[in-house]
Amino acid sequence: MLRREIAVTGLGLVTPAGLTAETNWATLCQGRSMAATDPVLEGLPVDFSCQVRGFDAEAELGRLTRRLDDFSQFALVAARQAVADAALDPCTWRGERVGVVLGVAGTSLSTYDNAFHHLGAGHPERVSPLTVPRSIPNMAAGEVAIDLGARGPSFTTSTACASGATAIGVARDLLRSGTCDIVLAGGTESARSRMTATCFARMRALSRRRDQPALASRPFDTARDGFVLGEGAAVLVLEPLTAARARGAHVQALLRGYGASTDAHHPISPHPEGRGVIQAITTALDDAGCRPQDIGHVNAHGTSTPTNDALEAAALIRVFGSQPPPVTAPKGVIGHSLGAAGAIEAAYTVLTLRHASIPPVANFEGQGGENKLDIVADRPRPLTTGTGISCSFGFGGQNAVLLFTAP
């Protein structure tokens, strides 16, 4: 039986790079980091992050704001943008055939920070009754479904920093199986909590460049020393290509391949030989019927940590050979939004195909070691082949790779 081709017909983005897809693209192409001192993290060993700026929740969501944590607010606005971009009307679609799948890596620790403060002070009566419905991971998908009348399957995927990419891959399968006609898929996260920053700092995973936060996130660069916390959301509207064409939708890209794997090696460290990463990439290639030489660019996971970037570079060389396709890594600009990262970077991959231009890696000056990649730096580079992969890897050794082609 022929597999259904899956189209991307809408994008919504709320990130440190901007509050729309257009502003995200313009910022990304400048190759300038959004990292800055963060008042939420004042007094901590790492006191800077990449923040979503200019986001007015009250103006966007009105009274809904009271019951929504930041990660749900971002998801709701991104989902509304994506549906509008796809020229869909929730008042007229068959809601029972519309699904929502969003990746979220963890609970909203900011809400729990506040609740535990009241408990520790002996005032349980001050803990908000909205603490649980505001903060549990599934509520982003649930709130999007409520807001847009999507009555099909609605759930959250949680594969750490691969969560958003996993959500898009699972959504693709819901469409291929015929379970849904439309799926809103993506990821959302706000990692700017004092607890999150403290935990990652204690693990020595975060950059310590407090005096120069804008230079802190530098994927694949020789001087990288850790990642920068970020936040945001991305939602893609996915639907079968035949249905999209039948309704005259603008098809922005095709989701041709999805590969998932598990290292089964260590809770935090990736496999030293990159086995899981290689497996996920080759699975995505096989799923799409593509060869390594067909890929026009790689949107790398590229966290800016010394070990992970080196292992990812080695894995890419293993798959693509000594002359891999051009590589970009958006975390240099927007930081690491954890569960949202894979979805945001998938959206950026679609925009790269749409504009036929590869955005540069922020703060990249040079790379060391044996496994040297073709890093896009300083300025955007023309895309010569309308195919790209977006790579996402997470704690637990969970990997997800998405392959998109121009329509």
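Output the qualifying pairs, or none if there are none: Cβ atoms under 7 angstrom, residues six or more apart or on different chains, first residue in segment 218-234 and over 23 Å from E189 (Cα atoms), second residue of a type in the set (A, V, I, L, M, F, W, C).
Once the first residue is over 23 Å from E189 (Cα atoms) and sits in segment 218-234, its partners that are of a type in the set (A, V, I, L, M, F, W, C) give F220/A313; F220/A329; F220/V361; F220/F364; F220/L373; F220/I375; D221/F364.
With respect to A35, determine if the residue is out of contact with any Asp or Glu (no Cβ under 8 Å at 6 or more places or on another chain) and of a type in the set (A, V, I, L, M).
So A35 passes the test.
Residue pairs, Cβ under 7 Å, 6 or more apart or interchain, first in segment 1-21 and surrounded by fewer than 24 Cβ atoms within 10 Å (Cβ to Cβ), second part of a loop (DSSP other than H, G, I, E, B). List them.
Short answer, once both residue conditions are applied: L19/G54; L19/F55.
Of the residues T156, T222, T179, only one is in the same structural domain as L11 (by TED's automatic domain parsing), more than 22 Å from A288 (Cβ to Cβ), modelled with pLDDT of 95 or more and in a loop (DSSP other than H, G, I, E, B); which?
The match here is T222.
Among the residues of segment 165-175, is there at least one that is surrounded by fewer than 18 Cβ atoms within 10 Å (Cβ to Cβ), modelled with pLDDT of 95 or more and under 18 Å from A82 (Cα atoms)?
Looking through segment 165-175, none of the residues is surrounded by fewer than 18 Cβ atoms within 10 Å (Cβ to Cβ), modelled with pLDDT of 95 or more and under 18 Å from A82 (Cα atoms).
Out of segment 128-157, which residues are surrounded by 15 or more Cβ atoms within 10 Å (Cβ to Cβ), aliphatic (A, V, I, L, M) and either over 15 Å from F74 (Cα atoms) or out of contact with any helix residue (DSSP H, G or I) (no Cβ under 8 Å at 6 or more places or on another chain) (or both)?
I136, A145, I146, A150
Return the only residue of F404, F395, F320, F364 being among the aromatic types (F, W, Y) and within 17 Å of R256 (Cα to Cα).
One residue alone meets the criteria, F404.
Checking the structure you have, find out if any residue of segment 162-176 is closer than 19 Å to G394 by Cα and in a strand (DSSP E or B).
No, segment 162-176 contains no residue that is closer than 19 Å to G394 by Cα and in a strand (DSSP E or B).
The values are calculated or read from the model by the stated rules, or taken from the named source; none is laboratory data. Note that this is a predicted model, so its numbers are computed, not measured. Neighbour counts are summed over all protein chains in view; Cβ atoms, including those assigned to glycine, are modelled from backbone coordinates with ideal geometry.
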